[in-house]
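Undergrad: First, the structure itself, so that you have it in front of you.
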Amino acid sequence: MTFADARVLDATDPLAAVRDRFILPEGVIYLDGNSLGALPRATPAALADLTQRQWGERLVRSWNEGWIDAPQRLGAKLAPLLGAQPDEVIVGDSTSANLFKLLVAALRVDPHRRTIVGELGNFPTDLHIADGAAGCVAGATLRAVPRAQVRAALGPDTAVLLLTHVHYKTAERWDMAALTAAAHAAGALVLWDLSHSVGAVPLHLSDAGVDLAVGCGYKYLNGGPGAPAFLYVARRWQDRLASPVSGWMGHAEPFAFADTYRPAPGIKRWLAGTPPMLAMAALEVGLDTWAEVDTAKVWEKSAALFDILAAAGDRLGLECVTLREPGKRGSHISFRHPHAYAVVQALIARGVIGDFRAPDILRLGLTPLYLSHEDVARAGTILGEVLAQEPWHDARFTARQAVT
Ligand SMILES: *Cc1c(COP(=O)(O)O)cnc(C)c1O
């Protein structure tokens, strides 16, 4: 695609104006919004209001002026992006902590089902937490198998199937409805990690019959570094599962200051401690930005941006590890290169920020809210320049590197 072609697409892009809702540095093409989303223009003012007015002037009164309800309010704002009901989602803690809470709860549903089935090569925290959660429930274990064996690993011992919907490295996307149905057919629950899905691809948790889900606030949701995560529990499970992190904020009456724990009805029982309001305020701006965009246009544009980079990769002879069919992938594209780390460093030096995933993946995030077609076309050109000019193009360099 020529820059002129890209500019034609930009001229009719219904999302073009959304770019102005973000602050991005001059001279940078940011292809890492799937790792840390960009800064919404409204966030600094929202944080200034949170600190100066809400904290500085209103002090403790702010808890009754919008703070205490923030986890549920943000959850309700997020629900449409998940295809869930507003009272099925709550915001708080990290993705890792939420995984732990839900996995232990799922293991406690049926004492005859003792296995978490998971995927080898999943994002590390998912496997580490699953192992840790299993260690907290008598007789429970994690059974992590290669992707192709996940379905066959489901059985009468499976308590819960834990999968990440869009793979952090390859962007491969599971068929959520099909795998949810497979887990249910085996009598198990399903827990989806949506960290690379929410804000990247259409989600229909209710329609797919999903039981449980978690996901990240700082990637496509633009909630800021370490933003609170979210957790989804389908209504039918809400009063049958309880959090093992039975903190006072999930108590039915936190301000009764009771000695014994009694979980709140509904989604609120998944809260543990006091919400981090500075971080919640930033995430709320990210969510409000999403509320104003036509998501169908976002998914369409993601596919168009993908095609631009996929074509550039083909021209350059790069091995693309991401599947081409839009329905089978997320919103990033990954190439394999023996010197992927050095390529990423060279790209960054030229203002194209992507990232490296060990051992040999060059990963480029496609965030339609703040990337233009021209940005992505330019990134493809710069990638070509990097590959042509740098020494790893030379076979002798490759050979020398191979022995060090
Ligand atoms: C980013 C990501 C996480 C992040 O977990 P944290 O607890 O926020 O560090 C978890 N799982 C997956 C699949 C991710 O991509």
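Undergrad: Show that you can apply the helix-only estimate: for the chain, add -39,500 (n - 2.57) for every DSSP H stretch of four or more residues, divide by all residues, and state [θ] at 222 nm to the nearest 500. Kindly include the intermediate steps, with their values, before the conclusion.
TA: Details: 14 runs with 148 residues, N = 404.
That comes out to -11000 deg cm²/dmol.
Undergrad: Pull out a ≥ b ≥ c, the square roots of the eigenvalues of the alpha-carbon gyration tensor of segment 308-372, then state rounded if a/c is under 1.5, prolate if not and a/b is larger than b/c, and oblate in the remaining case. Please list the in-between numbers first.
TA: Details: a/c = 1.63, a/b = 1.20, b/c = 1.35.
It is oblate, given that a/c is not under 1.5 and a/b is not larger than b/c.
Undergrad: Determine how large the accessible area of His204 is when every protein chain is in place; take a 1.4 Å probe and give Å² rounded to the nearest 10.
TA: 100
Undergrad: Express the C-alpha Rg of segment 171-275 as a ratio against the empirical globular expectation 2.2 N^0.38 Å, rounded to two decimals.
TA: Details: Rg = 15.7 Å, N = 105, 2.2 N^0.38 = 12.9 Å.
Scaled against compact globular proteins, the figure is 1.22.
Undergrad: So, one more: What order do Tyr218, Tyr30 take when sorted by accessible area (1.4 Å probe), most exposed first? Show your work: numbers first, answer last.
TA: On the way: Tyr218 70, Tyr30 40 Å².
So, going from the largest accessible area down, we get Tyr218, Tyr30.
Undergrad: Additional query: Mean-square fluctuation check for the chain, GNM, Cα pairs under 10 Å: which of Thr12, Thr43, Thr289 is largest?
TA: Thr12
Undergrad: Provide the solvent-accessible area of Glu319, counting protein heavy atoms only and rolling a 1.4 Å probe, rounded to the nearest 10 Å².
TA: Glu319 exposes around 90 Å² with every protein chain in place.
Undergrad: While we're on this one: To check you understand DSSP bridge types, tell me what percent of the beta bridges within segment 94-237 (both residues inside) are antiparallel, rounded to 5.
TA: On the way: 5 of 21 bridges.
Bridges in segment 94-237 are about 25 percent antiparallel.
Undergrad: Another question about this same structure. Give me Rg/Rg_expected for the chain, where Rg uses Cα atoms only and Rg_expected = 2.2 N^0.38 Å with N residues.
TA: Values: Rg = 22.2 Å, N = 404, 2.2 N^0.38 = 21.5 Å.
The chain yields a ratio of 1.03.
Undergrad: Per residue, what volume in Å³ does the Cα convex hull of segment 228-275 take up? Can you show the working numbers first?
TA: Details: hull volume 3.3 nm³, N = 48.
Considering the Cα atoms of segment 228-275, their hull volume per residue is 70 Å³.
Undergrad: Considering the chain as a Gaussian network with a 10 Å cut-off on Cα pairs, which listed residue, Thr125, Thr260, Thr158, attains the greatest mean-square fluctuation?
TA: Thr260
Undergrad: Would segment 111-225 count as rounded, prolate or oblate if I go by the C-alpha gyration tensor, calling it rounded below 1.5 in a/c and otherwise prolate when a/b exceeds b/c, oblate otherwise? Walk me through the numbers before you get to the answer.
TA: Values: a/c = 1.79, a/b = 1.42, b/c = 1.27.
Here segment 111-225 falls in the prolate category.
Undergrad: Ranked from the most accessible area to the least, with a 1.4 Å probe and all protein chains present, what is the order of Met280, Met1?
TA: Working: Met280 0, Met1 100 Å².
Descending order: Met1, Met280.
Undergrad: Grab the chain and count how many Lys pairs have their alpha-carbon atoms under 23 Å apart, sequence gap of 8 or more, or different chains.
TA: 15
Undergrad: Still on this structure: Give me the dipole magnitude in Debye, nearest 20, for the chain about the Cα centre, with unit charges on the beta carbon: positive for Lys and Arg, negative for Asp and Glu. Write down the numbers at each step before the final one.
TA: On the way: 38 positive and 42 negative charges, 144 e Å.
With Lys and Arg at +1 and Asp and Glu at -1, about 700 debye.
Undergrad: To continue, here is another question. How much accessible surface does Thr2 have with a 1.4 Å probe, in Å² rounded to 10?
TA: Rounded to the nearest 10, the figure is 80 Å².
Undergrad: How much of the DSSP bridge set in the chain is antiparallel, in percent, rounded to the nearest 5?
TA: Numbers: 22 of 40 bridges.
Percentage antiparallel, nearest 5: 55.
Undergrad: Probe radius 1.4 Å, ligands and nucleic acids left out: which of Arg329, Arg143 has the largest accessible area, and how do the rest follow?
TA: Values: Arg329 5, Arg143 115 Å².
In descending accessible area the options line up as Arg143, Arg329.
Undergrad: Could you tell me how far the Cα centroid of segment 259-334 sits from the Cα centroid of segment 18-92, in Å?
TA: Taking the Cα centre of each part, segment 18-92 and segment 259-334 sit 14 Å apart.
Undergrad: From the residues Ala133, Ala177, Pro111, which one has its Cα farthest along the dipole of the chain in the positive direction, the dipole being from +1 and -1 charges on Cβ of Lys/Arg and Asp/Glu about the Cα centre?
TA: The listed residue farthest towards the positive side: Pro111.
Undergrad: With r defined as the distance between the Cβ atoms of Arg315 and Thr141 and R0 fixed at 60 Å, what FRET efficiency is calculated, to the nearest 0.05? The partial results should precede the final answer.
TA: Details: r = 47 Å, r/R0 = 0.79.
E(calc), rounded to 0.05, equals 0.80.
Undergrad: Between Ala171, Ala264, Ala388, which gets the highest mean-square fluctuation from a Gaussian network model of the chain, Cα cutoff 10 Å?
TA: Maximum among the listed residues: Ala388.
The values are calculated or read from the model by the stated rules, or taken from the named source; none is laboratory data. All of these numbers come straight from a predicted model, not from anything done at the bench. We place every Cβ from the backbone using ideal geometry, glycine too, and count neighbours over all the protein chains shown. Only protein heavy atoms, including side chains, enter the accessible area calculation; ligands, DNA and RNA are left aside. Shrake-Rupley method; radii C 1.70, N 1.55, O 1.52, S 1.80 Å.
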